[in-house]
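**Q** This is the structure, below, for whatever I ask next.
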Amino acid sequence: MSKYDQEYYLPFAAMDDSKLFVGMDKKTVMRRGHRKLNLSEGPMFYMNSYKVEDKKEGVKLPIPDIMIVAGQMVIPNEMMKFLRVFDLPGIQVFPAVYIDDDDNWHESLSVIHCYERIDCLDFEKSRIKNNPKTWEEGDDHKVKQPSLCEAALNAIPEENRLILKINKVSLPHLYCHQRVVDFIRKMKYTGVQFIKVADFEEGMQNHEGFDGVTTY
C-alpha cells in the first residue's frame, strides 16, 4: 500500500432518499471532455435529471451543497475561493449554473474540471482487471482497486496535487487530498461522501446502503 492511499479520497454523490440525480444540458455534455474550458462559451449548466417525473409526483428534493456529476464536482462559492488559492495544474475551477425545477438559476457555483490527468497509478500495488481477449497496449486500464504511485506524487508539490485524476484508466474518478476533505467537513457541506483510496474497491459506491463510512 502506498502512503498516498491514506491521504487521498474519492468523492461520490451521497446515497440517501433525498439524493438528487443531477444531469447536464447538451452543450455541457459536449464540453466536459479532456480539453480546457473557455469562458467565452459561457458557464457549465446542470439540472435535475428527473425534473419532469418529480414535478408530476409533487416531489421537490433539496439541492445539495456539492453535486457529483460524471466525474466532475459542482461546488459552492466558498469552496471555489478555498481552491483558487492553490495552483492546480490541469484543473479548472470554472463557472457553473444549476437550474432548479422551478427554472430558477443558481449561479454562485463552480465546477471542478480536470483537463489533464497524472500518470500516478502504481501498477504493482493496484488490482487491475483488463480483459486479456480485448485489451491492447495503449488502452485504458480497468482498475478494480487503485493504489497511488509514491514516486510520481513525490515529484509534485502537495499544493499542486490537492485534486487530481489518474491517467490511462477506464473510470477516471476525482481524487481529493485530505486537506480538501477536511475543508468540506469543516463547512459541513451536503451531497458528497468519500472513500479513502486504501479502502476503495470499484463498484462499492453503487451498493445499496453505501454511506461513505470509510471516509473518516
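**Q** Over the chain, what portion of Cα pair distances is larger than 24 Å, expressed as a whole percent?
**A** Details: 10341 of 23220 pairs.
Looking at the chain, the distances longer than 24 Å represent 45 percent of pairs.
**Q** Still on this structure, please answer the following. Counting each DSSP H run of 4 or more residues in the chain as -39500 (n - 2.57), what helix-only mean residue ellipticity at 222 nm follows after dividing by all residues, to the nearest 500 deg cm²/dmol?
**A** Numbers: 5 runs with 35 residues, N = 216.
Mean residue ellipticity, 222 nm, calculated: -4000 deg cm²/dmol.
**Q** Give, rounded to the nearest 20 debye, the magnitude of the charge dipole that segment 117-181 has about its Cα centre when Lys and Arg contribute +1 at Cβ and Asp and Glu contribute -1 at Cβ.
**A** Working: 11 positive and 10 negative charges, 69 e Å.
It comes to approximately 340 debye.
**Q** Could you work out what % of the accessible surface of the chain is carbon and sulfur, using a 1.4 angstrom probe and leaving DNA, RNA and ligands out of the count?
**A** Within the chain, the accessible surface is 50 percent carbon and sulfur.
**Q** Tell me the per residue accessible area of segment 27-129 using a 1.4 Å probe; a whole number in Å² is fine. If you can, show how the numbers build up before the last one.
**A** Numbers: 5750 Å² over 103 residues.
Using a 1.4 Å probe on heavy atoms only, each residue of segment 27-129 averages 56 Å².
**Q** Throw me the Rg/Rh for segment 51-148, computed over C-alpha atoms with Kirkwood Rh, two decimals. The partial results should precede the final answer.
**A** Values: Rg = 18.9 Å, Rh = 16.9 Å.
With Rh from the inverse mean 1/r over Cα pairs, Rg/Rh is 1.12.
**Q** Report the gain in length on full extension from Asn104 to Arg84: 0.36 nm times residue separation, minus Cα-Cα distance, nm rounded to one decimal. Present the calculation step by step, with values, prior to reporting the outcome.
**A** On the way: separation 20, 0.36 × 20 = 7.20 nm, distance 2.66 nm.
Fully extending the segment from Asn104 to Arg84 adds 4.5 nm.
**Q** Determine the order of Thr190, Thr134 by accessible area, beginning with the largest, at a probe radius of 1.4 Å.
**A** On the way: Thr190 70, Thr134 95 Å².
Order by accessible area, largest first: Thr134, Thr190.
**Q** Further question: About the Cα centre, and with charges only on the beta carbon of Lys, Arg (+1) and Asp, Glu (-1), how big is the dipole of the chain? Nearest 20 debye, please.
**A** On the way: 29 positive and 34 negative charges, 63 e Å.
Magnitude of the dipole: close to 300 debye.
**Q** Step through the table entries Lys26/Lys165; Lys36/Lys168; Lys3/Lys36; Lys26/Lys144; Lys36/Lys196; Lys19/Lys188, compare each Cα-Cα distance with 20 Å, and write down the pairs that go over it.
**A** Numbers: Lys26/Lys165 24 Å; Lys36/Lys168 18 Å; Lys3/Lys36 31 Å; Lys26/Lys144 31 Å; Lys36/Lys196 28 Å; Lys19/Lys188 17 Å.
Where the Cα-Cα span goes over 20 Å, the pairs concerned are Lys26/Lys165; Lys3/Lys36; Lys26/Lys144; Lys36/Lys196.
**Q** Next question. When the solvent-accessible surface of protein heavy atoms is calculated with a 1.4 angstrom probe, in what order do Lys142, Lys196 fall, highest first? Walk me through the numbers on the way to the answer.
**A** Working: Lys142 125, Lys196 40 Å².
The residues order as Lys142, Lys196, largest area first.
**Q** A follow-up question, please. Scale the Cα Rg of segment 1-69 by the rule-of-thumb value 2.2 N^0.38 Å and send over the ratio, two decimals. Don't jump to the answer; show the numbers that get you there.
**A** On the way: Rg = 16.1 Å, N = 69, 2.2 N^0.38 = 11.0 Å.
Compactness ratio reported: 1.47.
The values are calculated or read from the model by the stated rules, or taken from the named source; none is laboratory data. Everything numeric here is computed off the predicted structure, so don't read it as measured data. Heads up, the Cβs are rebuilt from the backbone with ideal geometry, glycines too, and the neighbour counts pull from every protein chain shown. Remember, those area values only see protein heavy atoms, side chains included, never the ligands or the DNA or RNA. Shrake-Rupley method; radii C 1.70, N 1.55, O 1.52, S 1.80 Å.
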